[in-house]
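One structure below.
The values are calculated or read from the model by the stated rules, or taken from the named source; none is laboratory data. Just so it is clear, the structure is predicted and the values come from calculations on it, not from any experiment. Positions of Cβ are generated from backbone atoms using ideal geometry, with glycine treated the same way; all protein chains shown enter the neighbour counts.
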Amino acid sequence: MATVIRVPVLADNYVWLFAFAEGRCAAIDPAVADPVLEAAAAAQLAITHILNTHWHPDHVGGNMGLKAATGCTIIGPAREAAKIPGIDRTVDHGDTVTLGAHEGHVLFVGAHTAGHIAFHFPTANALFCGDTLFAMGCGRLFEGTADDMFRALAQLKALPAETRVYCAHEYTLSNARFAVTVEPDNAALQARFAAVQAARARDEPTVPFTLADELATNPFVRARDAAELAERRRAKDVF
Ligand code: ZN
Ligand code: FE
C-alpha cells in the first residue's frame, strides 16, 4: 500500500502526492507549484511525475513550475493535450501508467470536460478522479452531457467498493446539503451529512472517501438513468 498525501491549495482544491515508491511521488492535478513542492520536501519525496485529469487551470496551473523545479514527466489526457502545459505523455482509456510497482489504469470519463480522464491504481486502492466524482456530488457539465456523466459514473461505480476516492475539491458539505433534499429518507445519507458537518466544523477534510460511501449516499451515483442524473444536476446547479 502506498501513501497518499493531501495538499490543500487555493480555496478548496486538493492536490494529491501519491508516494508510489521510497522517496518518490506523483503529484495529481497540481493547481499551483510552490505549496506542492513544500509538501513533497517536507515528506522527503521527489516529484517524478504529474498526472493531470483535465485541462482546467486549477488542475494544471502548477505543471510548469513543478517541471522546472523537478524535471518531472507530465502525463495527461490525450483528448485535451493541447491545453495541458508541458505535457510529455498523452494517455486515453485503456492505457496503463506504471509508477514503481503500481500499475494505474486510465479511464475515460469525459463529461465535466470533454477529455477528462481518471487514474485507478488497484494495488494502492486509489482512484484519482479529478472533478468527475465528489463526495455526494459530481462535476458540473461544462463540456459534456448528463449521458456522458452517467456513463462516467457507471464506470467508477464498477470499481471495487472499498476503493478510496481522491477527488480534487472539498465540496462535500455543500453537496451533502443538496443530497439530503433529493433523498430525505436515506438514513445513510443523513448520518453522513451529520458526520461531514461535524468534520467541517472542526476544519477537517472529508476526502478521501470510499466508493461504498457514494453507492449509499451520492444522488448522482444513485441516479437510475441519465435523465434522472440530468434533473438532479440541473437542480444542483441552481441550489
Ligand atoms: Zn474542473
Ligand atoms: Fe477543479
Problem set entry | Residue, nearest to the chain's Cα centre (by Cα), within the stretch 121-157, restricted to residues that are under 16 Å from Glu231 (Cβ atoms) and acidic (Asp, Glu) | Asp148
Problem set entry | Complete set of residues in the stretch 137-168 that are farther than 22 Å from Arg6 by Cβ, more than 16 Å from ligand 2 (Cβ to nearest atom) and part of a helix (DSSP H, G or I) | Ala146, Asp147, Asp148, Phe150, Arg151, Leu153, Ala154, Gln155, Lys157
For this session: Quick one: Arg202 ticks every box in (1) surrounded by 14 or more Cβ atoms within 10 Å (Cβ to Cβ); (2) over 19 Å from the mean Cα position of the chain (by Cα) except a single one, so which number is it?
Result: (1)
Problem set entry | Residues (in contact (Cβ under 8 Å) with a residue 60 or more places away in the chain, closer than 17 Å to Leu99 by Cβ and not hydrophobic (A, V, I, L, M, F, W, C)) located in the stretch 3-50 | Arg24, Asp29
For this session: Could you tell me whether Ala43 is out of contact with any helix residue (DSSP H, G or I) (no Cβ under 6 Å at 6 or more places or on another chain), farther than 17 Å from Lys83 by Cβ, more than 13 Å from ligand 2 (Cβ to nearest atom) and of a type outside the set (Ser, Thr, Tyr)?
Result: yes
Exercise. Taking the stretch 137-162 as the search range and keeping residues that are farther than 16 Å from Thr53 by Cα and among the small types (Gly, Ala, Ser), which one is surrounded by the most Cβ atoms within 10 Å (Cβ to Cβ)?
Worked result: Gly137
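Could we say that Leu66 is in contact with a Cys (Cβ under 9 Å, 6 or more places away or on another chain), buried (at least 20 other Cβ atoms within 10 Å of the Cβ) and at pLDDT 95 or above here?
Values: in contact with a Cys (Cβ under 9 Å, 6 or more places away or on another chain): yes; buried (at least 20 other Cβ atoms within 10 Å of the Cβ): yes; at pLDDT 95 or above: yes.
Yes: the conditions hold for Leu66.
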Exercise. For Gly94, are the conditions met, namely being within 16 Å of ligand 2 (Cβ to nearest atom) and in a loop (DSSP other than H, G, I, E, B)?
Worked result: no
Problem set entry | Among (1) closer than 21 Å to Glu162 by Cα; (2) surrounded by 13 or more Cβ atoms within 10 Å (Cβ to Cβ), the one test that Leu229 misses | (1)
